[in-house]
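Each reported figure results from applying straightforward, stated rules to the coordinates on display, with no laboratory input. Being a predicted model, the structure only gives us computed values, none of them experimental. Cβ coordinates were reconstructed from backbone atoms using ideal geometry, including for glycine residues, and neighbour counts include every protein chain displayed.
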Amino acid sequence: MMDNKMIVEGSLQREEGGFSFLGRLPYYRGLGLSMIEDIIVSVDGAAIPREAIRFCVRDQTYTLDEMETVYDNRWNFGEKARIVALNGGLPAGNHAITFAVRMRVSYLPFVPTTKDTKQLAMAA
Amino acid sequence: MSSTIKRGVSLYSYQNETFQGKMSLEDCLRTSAELGAHGIEVIGEQTFWGWPECGAMQEDIDNWHRLIAKYNCVPVCHDFMLDYKRYKGREMPFAEQVASVKNDIDFGARLGVKFIRALVSIDPAVLVAAADYAQEKGIKILIEVHAPLHFDHPWIIRHAEAFEKSGSDALGFLPDMGMFLFKFPPVWKEKFLRIGVPKAIADYVEKAYEDRVLSEYVILNVQEMGGTGPAVAMAETLRHNAAFEPKRMLDYMPRIHNIHGKFYQMDEDYVEPSIPYDQIVKVLKQGGYQGYICSEYEGNRWIEDAQEPDSVEQVRRQQVMLARLLGESVEPSLNTTVAA
């Protein structure tokens, strides 16, 4: 659900050592960060290594490994988190960003992964 | 004759709009109240950012009570989650699960609700252990009976037996009307067609559902028709949905205190094509039900790939249907449109 609303339009920007965009949790509620099993990002078909991804929400930044034991913070319903990819940077122009989230949901008998791909423009 | 059954809305229904910031909490309450659906159900952690890991801000709770009063609404139910898989690789210990439920009982009390909704996968012993605390706070814990489970399933019977053995009135049931799925929902079929299910297979699954063919046979037949991927997924929805009988609620009426008015689509003629609300309301009246039926629109996820859901219009249509079935003399209507 909310698959096509995960990546926030027009949110691509430069970061030191990479780029970022805004992402929302594809779910009808929020989730404690320890239950985010994985965040997968690729740009123009090239996967970003897990250790090069950072998750930033309300001025707190986490690696994905760190998030696994974060029990006092959440990704709230509809909240725009900043997803940072430390890939060395992106040239100006359009880029195909794919963003997937795998989450551990207590009541589900499976571990869902939800994905969105959008064309985002990096300003010159 | 008008009924004692009351109308409400679960704010789950407006999720497509609230997720995108197109509707505020005030929009949700005003819209529901204008439709005469004064009972309000929330998923605490959808409506209140921070809950439960970071707590909810008192100003948000104050705002909730201000809006409830402003629109003459009634807080009905807080749906809690209990994330017993919070820790990777190990289940949350029993005592911590009970403490977590008590935390949600406190939160429900802050919101002023009489009921909190427990997910059906929760161990009945956890709820029994929290029952006395709920009683003290004036709250009942209701397990949501949701497809593929139903009132004759051994897991639900186990809950019922645990509740009876406890002797507590603070434990009960919240049936989700989606378990009475009499027809394959048209919005499901259309979605499966969009993602590539051949029409002949989609037609077959729809017909097999109406014929009440056992899911495992339908899955095998679809595979033999050459179905793969999405076609098999369409057939597999029959594993998780069935046309259980609304009258099965009658045995449990003393413990049924809230109803999820699940729907996948409301047509322009005010009919939910797959869920028999006429029969459902008849059974609830027969059983002397006096609580709320809270709209729970779940068609959003089935159409969002093709069109932007119009949750308010869908809820309006269901509320018109419910008001008619309940014998109300005034047709619900909206005076205020929500700014897009």
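For the range B:58-88, enumerate the residues that are in a loop (DSSP other than H, G, I, E, B), crowded, with 20+ Cβ neighbours inside 10 Å and more than 12 Å from chain A (Cβ to nearest Cβ).
Within the range B:58-88, B:Cys73 is the sole residue that qualifies.
Of all the strands (runs of 3 or more DSSP E) wholly in the range B:109-175, which have at least 1 residues that are within 26 Å of B:Glu236 (Cβ to Cβ)?
Those strands (runs of 3 or more DSSP E) span B:140-145, B:171-175.
Assess whether A:Gly30 counts as being small (Gly, Ala, Ser) and within 14 Å of chain B (Cβ to nearest Cβ).
For A:Gly30, the condition - small (Gly, Ala, Ser) and within 14 Å of chain B (Cβ to nearest Cβ) - is met.
If I go through the range A:62-104 residue by residue, how many of them are within 11 Å of another protein chain (Cβ to nearest Cβ) and at positive phi?
1
If you go through the range B:248-268, how many residues are aromatic (Phe, Trp, Tyr) and either closer than 24 Å to B:Leu11 by Cα or assigned to a strand (DSSP E or B) (or both)?
Going through the range B:248-268 one residue at a time, the tally reaches 2.
Can you spot a residue in the range B:247-259 that is out of contact with any Leu (no Cβ under 9 Å at 6 or more places or on another chain) and of a type in the set (S, T, N, Q)?
No, the conditions are met nowhere in the range B:247-259.
Within the range B:24-53, work out how many residues are crowded, with 22+ Cβ neighbours inside 10 Å and within 11 Å of chain A (Cβ to nearest Cβ).
Here the count works out to 8.
Can you tell me which residue in the range B:114-131 is nearest to the other protein chains (Cβ to nearest Cβ), limited to those that are touching a residue at least 40 places away in the same chain (Cβ under 8 Å) and β-branched (Val, Ile, Thr)?
Among those residues, the one meeting the criterion is B:Ile122.
With the requirement that a residue be more than 18 Å from B:His240 (Cα to Cα) and either surrounded by 21 or more Cβ atoms within 10 Å (Cβ to Cβ) or in contact with a Cys (Cβ under 9 Å, 6 or more places away or on another chain) (or both), what does the range B:191-214 give you?
B:Val197, B:Ile201 - these are the residues of the range B:191-214 that are more than 18 Å from B:His240 (Cα to Cα) and either surrounded by 21 or more Cβ atoms within 10 Å (Cβ to Cβ) or in contact with a Cys (Cβ under 9 Å, 6 or more places away or on another chain) (or both).
Answer with yes or no whether B:Trp188 is under 17 Å from B:Asn241 (Cα atoms), of a type in the set (A, V, I, L, M, F, W, C) and crowded, with 16+ Cβ neighbours inside 10 Å.
Considered against the rule, which asks whether it is under 17 Å from B:Asn241 (Cα atoms), of a type in the set (A, V, I, L, M, F, W, C) and crowded, with 16+ Cβ neighbours inside 10 Å, B:Trp188 comes out as yes.
Quick check on my filter: what residues within the range B:289-312 are more than 14 Å from chain A (Cβ to nearest Cβ) and without any contact (Cβ under 8 Å) to a residue 40 or more places away in the chain?
Hit for the range B:289-312 is B:Asp310, nothing else.
If I filter the range A:34-61 down to residues being on the phi < 0 side of the Ramachandran plot and within 14 Å of another protein chain (Cβ to nearest Cβ), which single residue comes out as surrounded by the fewest Cβ atoms within 10 Å (Cβ to Cβ)?
Step by step, filter the range A:34-61, then rank; the result is A:Gln60.
Within the range B:71-96, work out how many residues are over 20 Å from A:Tyr107 (Cβ atoms) and without any contact (Cβ under 8 Å) to a residue 24 or more places away in the chain.
1
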